[in-house]
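The structure appears right after this line, and notes come after that.
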Amino acid sequence: MNTTPILKNKLFLYLTEFFAGMSVMAVELGASRLLAPYFSSSQIVWTIIIGTIMIAMALGNIYGGKSADKNPNPDRLYMRILIAGVWIALIPVVGKYIILGISALLIFAVNTNFLIWAAFAACMVIFVFPLFLLGTVTPSLAKYTVDSLEDSGSIVGTLGAFNTIGSIIGTFVPTFVSIPAVGTSVTFLIFAAILLGLGIIYFVSKKSGLKKSAASAIIFILCCIFGASNSFAFWESSLAYEGESIYNYLQVKENDRNVILSTNVLFGVQSILIKDEGLTGMYYDYAMAAPLMTGKENPADCNTLILGMGTGTYAHQCRAYYGDMPIEGVEIDEKITDLARTYFELPEDVPVTTYDGRAYLNAIDGKYDVIMVDAYQDITIPFQMSSTEFFTLVKEHLTEDGVMVVNMNMRGSGADSINAYLSDTIGSVFGEVYTVDVKGSTNRELFASDNPQMIENLKKHKETVADESLLAMMDTVSENLLPYEAGKRIMTDDKAPVELLGMRVIDELIRNEVAYYKSIYEEQGIQGVINAL
């Protein structure tokens, strides 16, 4: 059907299918990492990524088949592969700016479901076109490789096998090799280079399309120069650390007073170290009431487990104010633990296990006086750590008068907020549940126990606190604690819609934050907003 020398041996066609399938999956995984620092890595974002990419691939399949029937010229296919490679190479250069630009526009235009609309728009603009082009590969190759009806089944099957094997490799390599080793930006460039290599080899073998191949190579080189940076917060000039792990985007900021870890480029503090050993002014201070609520006369004797250790802020604060408490932590992201030792002065004698919090509880038999659950990040709330089954497991690992403290970081209003669901779920497991809102933030701390004396213990034990600032904080907690009457909004392993519930709170927070700027925009236009910023 074609006279191109390189295509006379079908191996090159099979390799094209293999690398196209590999690149599709690599771009999909890269998309999740590109979007996560801005929109989270929740199931909602993953659904949007998978959905838009599958739409692009389906449309590409249709177009590729019709195009191959109408004009069965391999030049057209390999030119599309070249264009896809160039587009993917440009993503590290302009992708972050497109995401921020789309978010800036939509934040003034959308009142509900901002996360969905912003992530969907970003996926449509950045990823749909190159994956549409890659979607044309399979039907086009089927046209070029099938010589007769007698072998059509085996050839199409072989193409499918090469595509599937490539997709499998393209799934594992970014997750376990390239993203942790060199970052998301370089991962995009690696797979762009593979696609460009296919196109350039094809055109060089034909001794045609050389100018287009050279132009593609030049653009790729420029993208390598300007797009190889792993910086998502490109406006920040004084970060102590910025990088990626298997699970997270990671950013460490340091100034004269503190060191901060964030897993989001725009907002949120996951951990903090106060250099002068003072209170943090954040939810960690409120959570320090938990050791005083137990039956232990001396909080330094409280055996404490932290699920979601982060860089160890809570452990550091408890050690600083209560003495040499026996503390151990569980943190799923080993890179965060490494940062904790490097930047956040986490003591070497505080063991941290790299594991999922719930899986860890399932694997041990020990009991604790205090268990802190601090595993919720923005909208990324692991459903398996929000169900009755999980909180029952926590209860089984508490001593008779032990206390669980949960940091709920998205304080929403209304009966259907994520915190209402979490509180009702916890209330169905524990006999005593109290909540307190953290002043000046969206956090709410929840204390739960089966010990009816937990509040009396707090009032009694806080009088033994020698540090005036901590005593004042414990007074604040004691005065603002509210008993929680559990309702019937129960989450289970079978049904825990944490992403949708969290998205409602995100919408509410965004509306509150941008209301001021919206009023300026309505009165003074975009220039007024720029001046206000």
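The values are calculated or read from the model by the stated rules, or taken from the named source; none is laboratory data. On a predicted model such as this, the values are computed, not experimentally measured, just so you know. Cβ coordinates were reconstructed from backbone atoms using ideal geometry, including for glycine residues, and neighbour counts include every protein chain displayed.
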> Restricting the first residue to the range 14-32 and requiring it to be without any contact (Cβ under 8 Å) to a residue 24 or more places away in the chain, which pairs with a second residue that is among the hydrophobic types (A, V, I, L, M, F, W, C) meet a Cβ separation below 8 Å and a spacing of at least six or different chains?
Replying inline: Ser32/Val45; Ser32/Trp46; Ser32/Ile49
>> I'm trying to understand the selection: among the residues of the range 428-465, which are outside any strand (DSSP E or B), within 17 Å of Thr476 (Cβ to Cβ), among the charged types (D, E, K, R) and in contact (Cβ under 8 Å) with a residue 24 or more places away in the chain?
In response: Lys439, Lys462
> Within the range 301-318, is even one residue at pLDDT below 90 and acidic (Asp, Glu)?
Replying inline: no
>> Looking at the range 1-52 only, could you name the residues that are part of a helix (DSSP H, G or I), over 13 Å from the mean Cα position of the chain (by Cα) and among the charged types (D, E, K, R)?
In response: Lys8, Glu17, Glu28
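Residue-by-condition table, conditions (1) more than 18 Å from Thr263 (Cα to Cα); (2) free of Cβ contacts under 8 Å to residues at least 12 places away in the same chain; (3) buried (at least 18 other Cβ atoms within 10 Å of the Cβ):
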{"site": "Gly323", "(1), (2), (3)": "yes, no, no"}
{"site": "Gly329", "(1), (2), (3)": "yes, no, yes"}
{"site": "Glu334", "(1), (2), (3)": "no, no, no"}
{"site": "Phe344", "(1), (2), (3)": "no, no, yes"}
{"site": "Val350", "(1), (2), (3)": "yes, no, yes"}
{"site": "Ala359", "(1), (2), (3)": "yes, yes, no"}
{"site": "Asn362", "(1), (2), (3)": "yes, no, no"}
>> Tell me yes or no: at least one residue of the range 159-180 is under 23 Å from Leu100 (Cα atoms), crowded, with 16+ Cβ neighbours inside 10 Å, outside the structural domain of Asp356 (by TED's automatic domain parsing) and not charged (D, E, K, R).
In response: yes
>> Of the conditions (1) more than 23 Å from Gly101 (Cβ to Cβ); (2) modelled with pLDDT of 95 or more; (3) among the small types (Gly, Ala, Ser), Ala192 satisfies every one except a single condition; which number is it?
In response: (1)
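This table checks each residue for (1) farther than 24 Å from Phe162 by Cα; (2) at pLDDT below 85.
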site	(1), (2)
Leu34	yes, no
Thr47	yes, no
Ala56	no, no
Gly60	no, no
Lys70	yes, no
Pro74	no, no
Tyr78	no, no
Ala84	no, no
Phe114	yes, yes
> Would you pick out the residues in the range 340-360 that are under 25 Å from Asn443 (Cα atoms) and modelled with pLDDT of 95 or more?
Replying inline: Val352
>> Among (1) in a helix (DSSP H, G or I); (2) closer than 24 Å to Asp69 by Cβ; (3) touching a residue at least 60 places away in the same chain (Cβ under 8 Å); (4) not basic (Lys, Arg), there is one condition Ser208 misses while meeting the rest; what is its number?
In response: (1)
> Restricted to the range 1-32, and to residues that are closer than 19 Å to Pro139 by Cβ and at pLDDT below 85, which residue is surrounded by the most Cβ atoms within 10 Å (Cβ to Cβ)?
Replying inline: Leu7
> Any residue in the range 408-425 that is assigned to a helix (DSSP H, G or I), in contact with a helix residue (DSSP H, G or I) (Cβ under 9 Å, 6 or more places away or on another chain), β-branched (Val, Ile, Thr) and crowded, with 18+ Cβ neighbours inside 10 Å?
Replying inline: yes
>> I'd like to check something: does the range 263-286 contain any residue that is assigned to a helix (DSSP H, G or I), at pLDDT 95 or above, under 27 Å from Gly402 (Cβ atoms) and touching a strand residue (DSSP E or B) at 6+ places or on another chain (Cβ under 8 Å)?
In response: yes
>> Cβ contacts < 8 Å: first residue farther than 22 Å from Ala193 by Cβ, restricted to the range 158-174; second residue part of a helix (DSSP H, G or I) and not small (Gly, Ala, Ser), any location; separation 6+ or different chain. Result?
In response: Thr158/Tyr14; Leu159/Leu13; Leu159/Tyr14; Leu159/Glu17; Leu159/Thr138; Leu159/Leu141; Leu159/Thr145; Gly160/Thr138
> If you go through the range 463-474 one residue at a time, how many are surrounded by fewer than 14 Cβ atoms within 10 Å (Cβ to Cβ) and charged (D, E, K, R)?
Replying inline: 2
>> Going residue by residue through the range 110-123, is there one that turns out to be in contact with a Cys (Cβ under 9 Å, 6 or more places away or on another chain) and not polar (S, T, N, Q)?
In response: no
> Are any residues in the range 364-398 in contact with a Pro (Cβ under 9 Å, 6 or more places away or on another chain), part of a loop (DSSP other than H, G, I, E, B) and either polar (S, T, N, Q) or surrounded by fewer than 23 Cβ atoms within 10 Å (Cβ to Cβ) (or both), and if so, which ones?
Replying inline: Tyr376
> Hey, any hits in the range 185-199 for a residue that's more than 30 Å from Val45 (Cα to Cα) and crowded, with 18+ Cβ neighbours inside 10 Å?
Replying inline: yes
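A quick yes/no check of all residues on (1) in contact with a strand residue (DSSP E or B) (Cβ under 9 Å, 6 or more places away or on another chain); (2) over 20 Å from Met54 (Cα atoms):
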| position | (1), (2) |
| --- | --- |
| Ala118 | no, no |
| Thr145 | no, yes |
| Gly170 | no, no |
| Gly183 | yes, yes |
| Phe188 | no, no |
>> Filter the range 296-340 down to the residues that are of a type in the set (Val, Ile, Thr) and part of a strand (DSSP E or B) and list them by number.
In response: Thr304, Ile306, Ile327, Val330
>> Quick check on Ala68: is it closer than 28 Å to Val182 by Cβ and either buried (at least 16 other Cβ atoms within 10 Å of the Cβ) or free of Cβ contacts under 8 Å to residues at least 24 places away in the same chain (or both)?
In response: no
